[in-house]
1. For a quick protection proxy, order the peptides 22-30, 7-15 by their average other-Cβ count within 10 Å, most packed first.
2. How far apart, in nm, are the 7 Å Cα→Cβ label points at A13 and W38?
3. Taking N as the number of residues in region 2-42, what is its Cα Rg relative to 2.2 N^0.38 Å?
Amino acid sequence: MVLGFLLIFILDAGMIGFIWYFEAYTIVFGILMVTLGWRLPTRRAHDHSQPAQVAA
């Protein structure tokens, strides 16, 4: 709501607010992707389950 007000009435502040919002989103998403990517190999190393046997 505040971002919309800034974008409509005060363009300079609105664009700065939009850029901050976009940067925060990309930083959080990047940290999430790095964290999940870091955890994936450790999950595979700890997974000792056997593949399912296919009945012939």
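Every number in this text was worked out from the coordinates using simple rules, so none of it is lab data. In this text, all values refer to a predicted model and were calculated from it rather than measured experimentally. Glycine also receives a Cβ, built like all others from the backbone with ideal geometry; neighbour counts cover every protein chain displayed.
1. Descending packing order for the listed peptides: 7-15, 22-30.
2. Going from the A13 label point to the W38 one covers 3.8 nm.
3. Numbers: Rg = 15.5 Å, N = 41, 2.2 N^0.38 = 9.0 Å.
In units of the globular-protein estimate, region 2-42 measures up at 1.72.
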